[in-house]
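*Asks:* Structure provided below as structure tokens; questions to follow.
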Amino acid sequence: MIEKVTIVVDEITKKKIINFYGSIKKENSGQYIDFFAQDKNLTLTVYSSKKSEQFKVFFAGNNALYEARRWDKNAEATIENEKKVKAPVKASWEVLDTQIGSDEVGTGDFFGPICVCAAYIRNKDIDKLRKLGVDDSKRLKDEQIMAIGKILVRDFEYSQLSLNNEKYNQLVDKKMNMNEMKAKMHNRCLLNLKKKHPNCKNVLIDQFAAESTYYKYLEKEKDVVKGLAFKTKGESYFPSVAVGSIIARYSFLQKLEAMSKKYGMKIPHGASGKVTEFAKQFIRKYGFDELDKIVKKNFANYEELTKLF
């Protein structure tokens, strides 16, 4: 069931909300949208207002009411049956020529690393990819990712990098934002494949920042892949990005599973209220210092936990 909640807040609370959910901020060019954030369990939209003292904030997702009541204890939700939600359109790839494309996962997960992957795909690979059921990794269940990913890493060229949360937190402390980290990781993965295939003209990326901003993040890099094609939801348009998405998710799931075995606890996805509840159990068993090693400390979940322990 999907919860939907709308609350009205003043400017001070609006600023607090934007700061609180800054770690899952997404690009959104809507004319009347001041702020947009999203992870697997929550979509948050802050709307601009002609009345400067009041702002509408819309929450949607499995944890919408839990999150809305952080800011308005009287918030109420409407419930929508997930079966009535329009299913996402099946991937219809636009570029089928030889290509290199990259995508990432883990940016909305409190636990687990950020994983980026670039993949090299030829036209003759397309039929095999379709038969395997390659699609956007977000549309596939974990079991499908593990089955398909095992084949992709065996049969296709790719470059994959992971950023663990200890290193992530160090970079945050140095004032580097997540998108800059992602840009550097994407560039390195794309560069690794581009050097192997210098004649490949189609180099594609799932867009997470404006093109000018992306290249600004890479100004100090020695080597930068230029001439990228940027596309939001790129995995739906480019098979190489779709493959990169699945291999990145495959790597993420493997690392999360290894972490679960290490601690003897099933580490959850996302950054919902349920994840925070799990983190409380983890702290009681292993302590806060150990938690610091495996979570993104600039997430709202962490701030909430620091107030409790």
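*Asks:* Of all residues being outside any helix (DSSP H, G or I) and out of contact with any helix residue (DSSP H, G or I) (no Cβ under 7 Å at 6 or more places or on another chain) in region 141-168, which is farthest from residue 195 (Cα to Cα)? Just the residue, please.
*Replies:* 141
*Asks:* Kindly list, by first and then second residue, each pair from a residue in region 201-212 that is assigned by TED's automatic domain parsing to the domain that holds residue 188 to a residue that is surrounded by fewer than 20 Cβ atoms within 10 Å (Cβ to Cβ) and part of a strand (DSSP E or B), limited to pairs with Cβ atoms under 6 Å and residues at least 6 apart or on different chains.
*Replies:* 204/229; 205/230; 207/230; 207/231; 211/230
*Asks:* Still on this structure, I have one more. Within region 295-309, which residues are surrounded by 15 or more Cβ atoms within 10 Å (Cβ to Cβ) and charged (D, E, K, R)?
*Replies:* 296, 297, 304
*Asks:* Taking region 243-271 as the search range and keeping residues that are of a type in the set (Gly, Ala, Ser) and touching a strand residue (DSSP E or B) at 6+ places or on another chain (Cβ under 8 Å), which one is farthest from residue 198 (Cα to Cα)?
*Replies:* Going through the qualifying residues, I end up with 251.
*Asks:* Okay, moving on. Scan region 280-309 for residues that are among the acidic types (Asp, Glu) and either touching a residue at least 60 places away in the same chain (Cβ under 8 Å) or in a loop (DSSP other than H, G, I, E, B) (or both) and jot them down.
*Replies:* 292, 303
*Asks:* From 83, 15, grab the single residue that is surrounded by fewer than 20 Cβ atoms within 10 Å (Cβ to Cβ), part of a helix (DSSP H, G or I), at pLDDT 85 or above and not polar (S, T, N, Q).
*Replies:* From the options 83, 15, the qualifying one is 15.
*Asks:* Provide a single number: the residues in region 123-170 that are of a type in the set (Gly, Ala, Ser), more than 22 Å from residue 23 (Cα to Cα) and at pLDDT below 90.
*Replies:* 1
*Asks:* Something else now. So which of 180, 277, 235 is assigned to a helix (DSSP H, G or I) and outside the structural domain of residue 147 (by TED's automatic domain parsing)?
*Replies:* It is 277.
*Asks:* Would you please name the residue that is surrounded by the most Cβ atoms within 10 Å (Cβ to Cβ), looking only at residues in region 18-54 that are modelled with pLDDT under 85 and under 22 Å from residue 180 (Cα atoms)?
*Replies:* 40
*Asks:* Output the qualifying pairs, or none if there are none: Cβ atoms under 9 angstrom, residues six or more apart or on different chains, first residue in region 181-193 and touching a residue at least 12 places away in the same chain (Cβ under 8 Å), second residue in a helix (DSSP H, G or I) and among the aliphatic types (A, V, I, L, M).
*Replies:* Hits for this filter: 181/171; 181/172.
*Asks:* I need a count of the residues in region 249-294 that are within 29 Å of residue 117 (Cα to Cα), surrounded by fewer than 21 Cβ atoms within 10 Å (Cβ to Cβ) and aromatic (Phe, Trp, Tyr).
*Replies:* 2
*Asks:* Hydrophobic (A, V, I, L, M, F, W, C) and modelled with pLDDT of 90 or more: is that true of residue 57 in this structure?
*Replies:* Yes.
*Asks:* How many residues are of a type in the set (A, V, I, L, M) and closer than 22 Å to residue 121 by Cβ if we restrict to region 201-223?
*Replies:* 3
*Asks:* If residue 225 satisfies every condition in (1) at pLDDT 95 or above; (2) in a helix (DSSP H, G or I) but one, which is the exception?
*Replies:* Only one criterion in (1) at pLDDT 95 or above; (2) in a helix (DSSP H, G or I) is unmet by residue 225, namely (2).
*Asks:* So which residues in region 92-140 are surrounded by 16 or more Cβ atoms within 10 Å (Cβ to Cβ), hydrophobic (A, V, I, L, M, F, W, C) and assigned to a loop (DSSP other than H, G, I, E, B), if there are any at all?
*Replies:* Result: 93, 95, 110, 134, 140.
The values are calculated or read from the model by the stated rules, or taken from the named source; none is laboratory data. Quantities reported herein were computed from a predicted structural model and do not represent experimental measurements. For neighbour counting, all protein chains shown are included, and Cβ atoms are generated from backbone atoms with ideal geometry for every residue, glycine included.
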